[in-house]
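J.: One structure, pasted below without further comment.
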Amino acid sequence: MAYSLLTSLIIFCLFSLSSSLPSQTILDAAEILSDSGYVSMSLTLELVSQTLLPKSPSATLFAASDAAFIESGQPPLSLLQFHSSPLALSFESLRSLPVGAKIPTMFANHSLIVTSATSDSQISLNNVNITSSPLFDDGSLIIFGVDKFFDLNFPALGLTRSPSPNTGCTDDAIASSGGDSFDEASGVLRSRGYSVMASFLDLQLLGFRDGTKMTVLAPADEVMMDRVGNFSDISSSIFLRHVLPCKVSWSDLVNFDDGSMLPTSLEGFTINITRSGDTLKLNEVSVAFPDMYHSDWLVVHGLGEVLTLLVGPEQAADSSSETGGSNTNEQTALGNSEF
């Protein structure tokens, strides 16, 4: 086989040994890849996972087949990084993206380009088809197969974003959802490592079950606890700033213009959409797991950090709530319902 174990070992020694993805996840994924006929990528994942995968709660890897390794020979590190993304992308999330949408990768300043239409049965990136279902998905790492390596120099000319969407976020009237419960969504959140926000859906949003469509921006348990210390310290304002009073899917988010503002359920707190390269940011926080849950009335996106207040004198007072404080706006918005 063209894959060189010696080359991989040299690459492995060049990088740090720290990774936020559990080592067991890497081992399980490597075993599944090997069993699925992706032996070369299996060995690569075990040896250089710290470089291929980001230091975040989730990631997506596009695994090249053994035939691709034999045809191309040992790929350079940059090409391997080009096959991993700091976003956890489900098949449904990828399918929802329009032609020309850019997916950031671990190779700096290089993005994958969606080349299939939402109506196509097969999803393609850089004109390379991906497998119709993940080879591996444990809630933190998602792996799809590809028959050949992506072209680093794939031209994006003529591929443009769709117009900014009209989600109803800035409209006075919000569409009805029919009053469905949050049980299914909270179950998905718990299975993916977002139990704190799942508890919020179960307990804090009872007053919101009035037919309103909404979007939940969920920080992972790890970053929630790092930010506020412990569960009892988490104030309601932190939760409310992560809820939008409208449904905004990943395909909507990627089509918003830079500088677009979205309201939240916390009075006076808005979210500013920007981009760093092709990485979409919400108040400077990256989306880690787009469309983690999606229904006809509710969307949940996983975040890499807790959303923070924008700098401004009128917002400074609310910063005390980050360490367990409360204020009048929180209680008014929740109807005095708190943990």
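Rule-based calculations on the coordinates, nothing more; no lab input. The structure displayed is predicted, hence computed values, not measured ones. Every residue, glycine among them, receives a Cβ derived from its backbone with ideal geometry; neighbour counts consider all protein chains shown.
J.: Search the structure for amide H atoms under 5 Å from the amide H of Gly145, placed 1.01 Å from N in the peptide plane, and list their residues when 5 or more places away or on another chain.
T.: Answer set, sorted by chain and number: Ala63, Thr131, Leu135.
J.: May I pose another question? Can you tally the net charge around Gly73? Count Lys and Arg as +1, Asp and Glu as -1, for every other residue whose Cβ sits under 15 Å from the Cβ of Gly73. Before the final figure, lay out the partial values.
T.: Values: positive: Lys148; negative: Asp66, Glu71.
Net charge around Gly73: -1.
J.: Short version: ³J(HN,Hα) in whole Hz for each residue of region 34-41, in order, from phi by Karplus 6.51 cos²θ - 1.76 cosθ + 1.60 (θ = phi - 60°), x for Gly and Pro, what are they?
T.: 4, 5, 8, x, 10, 5, 4, 6
J.: Quickly rank 289-301, 183-195 as a protection proxy: mean count of other C-beta atoms within 10 Å, highest first. All intermediate terms of the calculation are to be shown ahead of the outcome.
T.: Numbers: 289-301: 22.1, 183-195: 18.8.
Highest mean packing first, the order is 289-301, 183-195.
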